[in-house]
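See below for the structure under consideration.
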Amino acid sequence: TEVVDKPGAPPIGPFSRSIAFEDVTFEYDENRRILRKGAAIRVHLVPRNEFDYSGGRRAKWLEFARERFGAGVMPGERLDRLMSAPIVSHLLVFEDSATGGEVGTVLLYLQPPRVANYSFAFYALGRAAENLGMFMMTRAVEFFSAMGLAHLHLGTCYDQRALYKIQFAPIEYFTGWR
């Protein structure tokens, strides 16, 4: 999983990863296990202009960001800019099938049939038994593959902590060097 970006340079993690959906597979039993754990969660795609970006939802997302990433990483102004920018065209909403309650949301840029950009995920941290963050990403791979998209961009990958996202095949990397 290491990439050497220049001859003689030390290996570094890949900066960007994108899943190509031509014959995407879940090579690892772990992916299938994650999907089974979230079997009671349904997903639907909502265009941003039809999404209710309420004050309560915003507050929950900001609290998630503070707990998960630390204070100041996602200030309210940044979230508001994202939600009003063209880079967020759709949201992937995850709901508990039994209660209908929202358990997670992913901010996306979607350009069918070519690409989806999975940018920010917000979810209920108290649902650790389902490994909710990993489930949402894995389910998004499955969802967009079934939708016929060519690629799903999962963002940057610049250190060892982000390498958990490279478990899908096929996968493409771009290091910024030609």
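Just to be sure before I move on: is GLU172 surrounded by fewer than 21 Cβ atoms within 10 Å (Cβ to Cβ) and at pLDDT 85 or above in the structure I sent? Quick ask: steps written out before the conclusion?
Working: surrounded by fewer than 21 Cβ atoms within 10 Å (Cβ to Cβ): yes; at pLDDT 85 or above: no.
For GLU172, the condition - surrounded by fewer than 21 Cβ atoms within 10 Å (Cβ to Cβ) and at pLDDT 85 or above - is not met.
Restricting attention to the range 110-136, report how many residues are within 15 Å of LEU154 (Cβ to Cβ) and more than 11 Å from the chain's Cα centre (by Cα).
Qualifying residue count for the region: 2.
Which residues, taken from the range 118-148, are of a type in the set (Ser, Thr, Tyr) and open to solvent by 10 Å² or more (accessible area, probe 1.4 Å)?
Passing the criteria: TYR118, SER119, TYR123, SER145.
Taking VAL88, is it in a loop (DSSP other than H, G, I, E, B), on the phi < 0 side of the Ramachandran plot and at pLDDT 95 or above? Before you say what the answer is, go through the steps one by one.
Working: in a loop (DSSP other than H, G, I, E, B): yes; on the phi < 0 side of the Ramachandran plot: yes; at pLDDT 95 or above: yes.
Yes; evaluated as a whole, the condition is true for this residue.
Of everything in the range 151-169, what is open to solvent by 40 Å² or more (accessible area, probe 1.4 Å), under 15 Å from ASN117 (Cα atoms) and at pLDDT 70 or above? Give them in sequence order. Can you show your working first?
Just the residues of the range 151-169 that are open to solvent by 40 Å² or more (accessible area, probe 1.4 Å), to begin with: 151, 153, 156, 158-161, 164.
From what's left, under 15 Å from ASN117 (Cα atoms): 151, 153, 156.
If the condition is that a residue be open to solvent by 40 Å² or more (accessible area, probe 1.4 Å), under 15 Å from ASN117 (Cα atoms) and at pLDDT 70 or above, then HIS151, HIS153 are the ones that fit.
Could you please give the count of residues in the range 72-95 that are surrounded by fewer than 16 Cβ atoms within 10 Å (Cβ to Cβ) and within 23 Å of ARG127 (Cβ to Cβ)?
Adding up the residues that qualify gives 1.
Pairs under 7 Å by beta carbon, first residue more than 23 Å from GLN111 (Cβ to Cβ) in the range 67-90, partner of a type outside the set (Ser, Thr, Tyr) and outside any helix (DSSP H, G or I), six or more apart or different chains?
GLU67/LEU125; ARG68/LEU125
The values are calculated or read from the model by the stated rules, or taken from the named source; none is laboratory data. In this text, all values refer to a predicted model and were calculated from it rather than measured experimentally. Neighbour counts are summed over all protein chains in view; Cβ atoms, including those assigned to glycine, are modelled from backbone coordinates with ideal geometry. Ligands, DNA and RNA are stripped out before the accessible areas are found, and what is left, the full protein with its side chains, is counted by its heavy atoms. Shrake-Rupley method; radii C 1.70, N 1.55, O 1.52, S 1.80 Å.
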